[in-house]
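Have a look at the structure below, then the notes.
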Amino acid sequence: MVARDRVPGDSAGSLSFRENNVGHRVLLSSSMKRLLLMICLCQTAPLVAADSSALGDLRFGAAYVRARSLSPDLQVASAAVSVARSAEQTARSAEFPQIGIRGEYDWAHQKVEGDYFGVVDIDRSDTFNRYAYGLGLTQALYRPDLFRTVDLAKINVSAAELSMDSAEAKIALQLARDYFAVIDALEVLRGQYAQLSATIEQQRQIEDRFSSGLVKESDVALVRAARASAEADKIDAEDAVQAARMKLALTVGGDFKRIGVLQPQTPLPPLNPGDLPSWLKTALEKQPALAAARAAVEASRVGIELSKSRRLPKVNIVGTHAWFDADGGISGARTDLDQRIGVEVSMPLFTSGAISADVNRAEAQLMQSEAKLSSAELQVKTEVQRAWMSAASSQRQIDARRRAVEAAIQSESSTRVGLEVGTETTADWLQSVRRRYEAERDLARERLAYLGSIIQLKAAAGVLNREDMARTELLLKFPEPGWPQPPATDTSATGSRPLR
């Protein structure tokens, strides 16, 4: 049996052959090698074309950086933070002095008949120009509405920042899912390649033995059917790899060559802490989405105070400094200077129910925010429980699947020997091969699922950060050249008939 692996984009000339776990080795003739080279080139042509992108080999950390920089959701969250901070600055500025200038020009016509400032029986008219210039100052002394507006703006900034943290965690989690989906598809494809290689080898041996009259024709038909099925499964696995690669390429903004994979000898991080209550407690304290929901409740409470504050008096210091210049008029041309400073007090008496309606709206919004908080808490608890159960289950299954692999390898070896001495049938051996590669595939996928569950659990608990992404990158290594690699499909060296 041959274990030959290819990385998409590697040249077919880099094919390597090595012994498998049971010590079998395949010797290829020159013609078979040439045909194998042509087949590999044909199979890898689409992948080589895809590898022409500028991204090259894609590390997990680099993929996260690119996904983060290209995410529209994060851009939306970042813009929301900027909007909230600007709104806070606007609210704060209203508490400080407001100074403005004013200018005015009038073309005026005056006419007076009768008494005018002690002058009896006057009858006079005049047309003239009038100008006015001035400065105005307003300083809030007692403005509860402004104070509550500032408080509300501060809460909105905090909520926007928490929403941005939540968006970053979602990006990291989605990137991990897309990246791991490619690794998972590659593991399935590797198993299909290995299974097909074993089936092709056994087909050659069965057909040779059939030519010598040592096996029945039904055995040849059975192994050919198994090979056809393995080839179909290989095509499905290749399609799954391409679909997963395309999804990841959309996330990182470009195609790539290789990605890091989880090697069988790589130790996995422990589930720490190992108990569910600790993770639930952490999630309730640190989950940014939950904290944002709490901030929304606090904002609603401040909103009620803001609506009620509009019923209270508003006290401002008001000052003016104005010049008036008229080049005519009944009283004659003159220039006036007016300087004033004082206190202005205003208070609504009747607003036709507008303030009461606004208070009712704010109270309803508080009820809505509290309901959303309860829903968010329930959702966080559910996600943490689901992720923890997945991680704990995978942790227990890894050891069991490792033992299953050891047993399946031993069973395959024993069945092969039995087939050679006549105590086992071809069907028995084909079944043992399938069980062996299914066991190896399931172990690799379970290890990957466990790592993905750890990331999902941290994201659900609100503690997934960039350091976790960096540590995950250290666990994923680029495979050696030749992984996974399609098997040889040449049968001419054996003298067998082609499949029909």
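The values are calculated or read from the model by the stated rules, or taken from the named source; none is laboratory data. Because the structure is predicted, anything quoted here is derived from the model rather than measured. Here Cβ is always computed from backbone atoms with ideal geometry, including for glycine, and neighbour counts include all displayed protein chains.
Give the residues of region 389-414 that are surrounded by fewer than 17 Cβ atoms within 10 Å (Cβ to Cβ) and of a type in the set (Ser, Thr, Tyr), sorted by residue number. Steps first, answer last, please.
First, the residues of region 389-414 that are surrounded by fewer than 17 Cβ atoms within 10 Å (Cβ to Cβ): 389, 393, 396, 398-400, 402-403, 406-407, 410, 413-414.
Residues satisfying the conditions are Ser393, Ser413, Ser414.
With the condition kept exactly as written, say whether any residue in region 451-462 is buried (at least 20 other Cβ atoms within 10 Å of the Cβ), at pLDDT 95 or above and touching a strand residue (DSSP E or B) at 6+ places or on another chain (Cβ under 8 Å).
yes
Among the listed residues Leu306, Leu337, Leu366, Leu312, identify the single one that is within 26 Å of Asn156 (Cβ to Cβ) and either outside any helix (DSSP H, G or I) or assigned by TED's automatic domain parsing to the domain that holds Gln110 (or both).
Only one candidate qualifies: Leu312.
Could you please give the count of residues in region 77-110 that are out of contact with any Gly (no Cβ under 9 Å at 6 or more places or on another chain) and part of a strand (DSSP E or B)? Even if it seems obvious, please write down each step before you answer.
Residues of region 77-110 that are out of contact with any Gly (no Cβ under 9 Å at 6 or more places or on another chain), as a first pass: 77-97, 105-107, 109.
Within this subset, residues satisfying the condition of being part of a strand (DSSP E or B) are 105-107, 109.
Residues in region 77-110 being out of contact with any Gly (no Cβ under 9 Å at 6 or more places or on another chain) and part of a strand (DSSP E or B): 4 in total.
Output the residue which, of all residues in region 58-79 that are of a type outside the set (D, E, K, R) and more than 19 Å from Ala470 (Cβ to Cβ), is surrounded by the most Cβ atoms within 10 Å (Cβ to Cβ).
Taking region 58-79 as the starting set, the residues that turn out to be of a type outside the set (D, E, K, R) are 58, 60-65, 67, 69-72, 74-79.
Next cut, more than 19 Å from Ala470 (Cβ to Cβ) only: 70, 72, 75-79.
Values: Leu70: 15, Pro72: 7, Gln75: 12, Val76: 12, Ala77: 21, Ser78: 16, Ala79: 12.
Looking at residues that are of a type outside the set (D, E, K, R) and more than 19 Å from Ala470 (Cβ to Cβ), I get Ala77.
Residues in region 263-303 that are in a helix (DSSP H, G or I) and in contact with a strand residue (DSSP E or B) (Cβ under 8 Å, 6 or more places away or on another chain): how many? Even if it seems obvious, please write down each step before you answer.
Just the residues of region 263-303 that are in a helix (DSSP H, G or I), to begin with: 276-286, 288-303.
With the extra rule that they be in contact with a strand residue (DSSP E or B) (Cβ under 8 Å, 6 or more places away or on another chain), the set shrinks to none.
Counting residues in region 263-303 that are in a helix (DSSP H, G or I) and in contact with a strand residue (DSSP E or B) (Cβ under 8 Å, 6 or more places away or on another chain) gives 0.
Restricting attention to region 236-289, and to residues there that are among the β-branched types (Val, Ile, Thr) and surrounded by 15 or more Cβ atoms within 10 Å (Cβ to Cβ), which single residue is nearest to Ile454 (Cα to Cα)? Steps first, answer last, please.
So in region 236-289, the residues among the β-branched types (Val, Ile, Thr) come out as 241, 251-252, 259, 261, 266, 282.
Cutting the leftovers down to surrounded by 15 or more Cβ atoms within 10 Å (Cβ to Cβ) gives us 241, 251-252, 259, 261, 282.
Details: Val241: 23, Thr251: 21, Val252: 22, Ile259: 20, Val261: 16, Thr282: 14 Å.
Here the answer is Thr282.
What is the number of the single condition among (1) modelled with pLDDT under 95; (2) crowded, with 16+ Cβ neighbours inside 10 Å; (3) of a type in the set (A, V, I, L, M) that Leu366 does not meet?
Evaluating Leu366 over (1) modelled with pLDDT under 95; (2) crowded, with 16+ Cβ neighbours inside 10 Å; (3) of a type in the set (A, V, I, L, M) leaves (1) as the failure.
If only one of Thr382, Thr335, Thr351 is β-branched (Val, Ile, Thr), more than 30 Å from Val119 (Cα to Cα) and at pLDDT below 95, which one is it?
Numbers: Thr382 fails: at pLDDT below 95; Thr335 fails: more than 30 Å from Val119 (Cα to Cα).
Answer to the check: Thr351.
Has region 478-488 got at least one residue that is of a type in the set (Phe, Trp, Tyr), modelled with pLDDT of 95 or more, within 27 Å of Val405 (Cα to Cα) and out of contact with any Pro (no Cβ under 6 Å at 6 or more places or on another chain)? Even if it seems obvious, please write down each step before you answer.
Taking region 478-488 and keeping what is of a type in the set (Phe, Trp, Tyr), we get 478, 483.
Among the residues that remain, those that are also modelled with pLDDT of 95 or more are: none.
There is no residue in region 478-488 that is of a type in the set (Phe, Trp, Tyr), modelled with pLDDT of 95 or more, within 27 Å of Val405 (Cα to Cα) and out of contact with any Pro (no Cβ under 6 Å at 6 or more places or on another chain).
Taking the condition of being surrounded by fewer than 12 Cβ atoms within 10 Å (Cβ to Cβ), of a type in the set (Asp, Glu) and modelled with pLDDT of 90 or more, how many residues in region 86-130 meet it?
Matching residues across region 86-130 total 2.
So is Ser278 under 25 Å from Trp388 (Cβ atoms), free of Cβ contacts under 8 Å to residues at least 40 places away in the same chain and of a type in the set (Gly, Ala, Ser) or not?
Details: under 25 Å from Trp388 (Cβ atoms): yes; free of Cβ contacts under 8 Å to residues at least 40 places away in the same chain: yes; of a type in the set (Gly, Ala, Ser): yes.
It is true that Ser278 is under 25 Å from Trp388 (Cβ atoms), free of Cβ contacts under 8 Å to residues at least 40 places away in the same chain and of a type in the set (Gly, Ala, Ser).
Can you report the number of residues in region 193-235 which are of a type in the set (Gly, Ala, Ser), crowded, with 18+ Cβ neighbours inside 10 Å and either free of Cβ contacts under 8 Å to residues at least 60 places away in the same chain or not in a helix (DSSP H, G or I) (or both)? I'd like the intermediate steps shown before the answer.
At the first step, the residues of region 193-235 found to be of a type in the set (Gly, Ala, Ser) are 194, 197-198, 211-213, 218, 221, 225-226, 228-230, 232.
Next cut, crowded, with 18+ Cβ neighbours inside 10 Å only: 194, 197-198, 226, 230.
Cutting the leftovers down to either free of Cβ contacts under 8 Å to residues at least 60 places away in the same chain or not in a helix (DSSP H, G or I) (or both) gives us 230.
Qualifying residue count for the region: 1.
Hey, could you check region 281-302 for residues that are of a type in the set (A, V, I, L, M, F, W, C) and within 12 Å of Val384 (Cα to Cα) and say which is farthest from the chain's Cα centre (by Cα)? First the steps, then the outcome.
So the first thing to find is which residues in region 281-302 are of a type in the set (A, V, I, L, M, F, W, C), and the list is 283-284, 289-293, 295-297, 299, 302.
Narrowing the set further to residues that are within 12 Å of Val384 (Cα to Cα) leaves 283-284.
Values: Ala283: 19, Leu284: 21 Å.
If we take residues in region 281-302 being of a type in the set (A, V, I, L, M, F, W, C) and within 12 Å of Val384 (Cα to Cα), then Leu284 is farthest from the chain's Cα centre (by Cα).
Just the residues that are in contact with a helix residue (DSSP H, G or I) (Cβ under 6 Å, 6 or more places away or on another chain) and basic (Lys, Arg), please, taken from region 417-445.
Arg435, Arg436, Arg441, Arg445
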